[in-house]
């Protein structure tokens, strides 16, 4: 997953992601395969809807997305009127039970309360529906932590340590916000930890490839 730079606007970031998503079409490590039975696709953490735009090409399905970034949602709704985008958190989705055939969460999951979000994903999925996730692996923590230590950035070292601990808390089916800024939530995961949390949320048929996991509701 590409990291946003500090001087890069939300819109610029998502437009760059749209270009990357277009190039990555068909690559399972970046975008999922959409089954022919899918009639409603929901992208949680959709940004401007870049993944929906690419995945919806040439197929007639409902394309829905939510994101906490109101600026990105407004931009995407204006630029891509065929998408149905709204501002919402993954932990509290504004959809009825069994609404979607597939839920995609490509870049946003590490910034959510994962056990709560997984329960919401399962709630809005129809029986037998598909869930496709990407996550921040432990190897990313090692890279980020070394960078923080090398820069002698104690705040970043503290935050990265918190995010690692928050990932390990998946074993207890709970996570916590950052103690010094309770509006922030982040965690690193391993495939085993995330699969454990998914099974606890009721998902089955869990498969893993690279930094992505797919399962059935």
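Residue count for region 34-51 under the criterion of being under 19 Å from residue 11 (Cβ atoms), modelled with pLDDT of 95 or more and not in a loop (DSSP other than H, G, I, E, B): the result is 1.
If the condition is being within 14 Å of the chain's Cα centre (by Cα) and closer than 27 Å to residue 58 by Cα, then region 94-129 contributes 102, 103, 104, 105, 106, 107, 108, 121. Considering region 69-91, and only residues there that are surrounded by 15 or more Cβ atoms within 10 Å (Cβ to Cβ), in contact (Cβ under 8 Å) with a residue 40 or more places away in the chain and under 23 Å from residue 110 (Cα atoms), the residue that is nearest to the chain's Cα centre (by Cα) turns out to be 90.
The residues in region 194-210 that are surrounded by fewer than 19 Cβ atoms within 10 Å (Cβ to Cβ) and out of contact with any helix residue (DSSP H, G or I) (no Cβ under 6 Å at 6 or more places or on another chain) can be counted, and the count is 9. Scanning region 170-193 for residues that are surrounded by fewer than 14 Cβ atoms within 10 Å (Cβ to Cβ) and not in a helix (DSSP H, G or I) yields 174, 176, 179, 180, 181, 182, 183, 184. Of all residue pairs spaced 6 or more apart or on separate chains, those with beta-carbon atoms under 6 Å, a first member in region 155-180 that is at positive phi and a second member that is surrounded by fewer than 20 Cβ atoms within 10 Å (Cβ to Cβ) and assigned to a helix (DSSP H, G or I) are 173/115; 173/200. Within region 92-107, residues that are at positive phi and surrounded by fewer than 18 Cβ atoms within 10 Å (Cβ to Cβ) reach partners that are part of a strand (DSSP E or B) and at pLDDT 95 or above with beta carbons closer than 6 Å, at six or more positions or on different chains, in the pairs 98/126. Yes or no: residue 53 over 13 Å from the mean Cα position of the chain (by Cα), closer than 16 Å to residue 105 by Cα and either surrounded by 14 or more Cβ atoms within 10 Å (Cβ to Cβ) or without any contact (Cβ under 8 Å) to a residue 40 or more places away in the chain (or both)? So residue 53 passes the test.
The listed residues are 69, 43, 97, and the only one of them that is touching a strand residue (DSSP E or B) at 6+ places or on another chain (Cβ under 6 Å) and under 29 Å from residue 170 (Cα atoms) turns out to be 43.
The values are calculated or read from the model by the stated rules, or taken from the named source; none is laboratory data. No experiment lies behind these values; they were computed from the predicted model shown. Counting neighbours? That spans all protein chains shown, and the Cβs are built from the backbone with ideal geometry, glycine included.
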